[in-house]
Structure formats: structure tokens, C-alpha cells
1. Checking R62 against (1) closer than 19 Å to K92 by Cβ; (2) under 11 Å from the mean Cα position of the chain (by Cα), which test does it fail?
2. If I ask for residues that are among the polar types (S, T, N, Q) and closer than 20 Å to S23 by Cβ, which ones from the range 70-87 would you list?
3. So which residues in the range 68-95 are assigned to a helix (DSSP H, G or I) and touching a residue at least 60 places away in the same chain (Cβ under 8 Å), if there are any at all?
4. Yes or no: R31 in contact with a Gly (Cβ under 7 Å, 6 or more places away or on another chain), modelled with pLDDT of 90 or more and of a type in the set (K, R)?
5. For the range 27-56, which residues satisfy the criterion of being farther than 22 Å from K71 by Cβ and charged (D, E, K, R)?
6. When you scan the range 1-61 for strands (runs of 3 or more DSSP E) that lie fully inside it, which ones turn up with 3 or more residues that are of a type outside the set (K, R) and surrounded by 12 or more Cβ atoms within 10 Å (Cβ to Cβ)?
Amino acid sequence: MHVIPAAAPDYAVARDDYVGLSSRGKDHLKRQTLSELQAALDPKRFVRLHRSYLLNVDRLTRIEADAGDSKVAVLADGTRLPVRRAGYGRLKGFL
């Protein structure tokens, strides 16, 4: 068992009935849906970028354009996460 402080995850990704949490370069699995995790986290710190991704905005370094009108969130460690139109609208509220 690993205890991950609520502010520690860099991002979370949906994995069927699990959530993959990336924190400090390590990946962990938690049996929970992404929606349940999002409801438990601080909405001033975490934003839903995509139906499968939840981002800790403290880890965001920039947003880049991708194919078409899509965007990509680039984290401090270089990780690139897809951002959909609705997620971009929510993310702009943090910037």
C-alpha cells in the first residue's frame, strides 16, 4: 500500500475500473473511477482535461497546439497530455 498525499499526483488517467496516478515519476493504480477521484480532490488545483485525464495544474508548464484544433498540456517532466475543447475552456480558468 502506498499513501499519496492529495496534492502530490501530477496527473490521473482512467484505466477501466481503476485510476492510474502519476506522482514524482512513479505510477500507481487505485481502484476508483476518475470521476470519484475528481470529486475527492481540490477543484482549485485539479482540472479535467479530457474524459480520461485529470491534471494537477501546479505541474503544468505550457499548452501547445496539436493536430487540428486540439491542444496538448506539457508538464514539468515533459509528459504530454491531450486537452479537448471543453478541457481547454476549464484550463483557461486556471491561467
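The values are calculated or read from the model by the stated rules, or taken from the named source; none is laboratory data. The structure displayed is predicted, hence computed values, not measured ones. Quick reminder, even Gly has a Cβ in these numbers, built from the backbone with ideal geometry, and neighbours come from all protein chains shown.
1. (2)
2. Filtering the range 70-87 down to residues among the polar types (S, T, N, Q) leaves 70, 79.
Residue satisfying the conditions is T79 alone.
3. Hits for the range 68-95: nothing passes.
4. Judged against the criteria, R31 is not a match.
5. The answer is D27, K30, R31, E36, D42.
6. Per the criteria, 11-15, 18-23, 46-50, 53-56.
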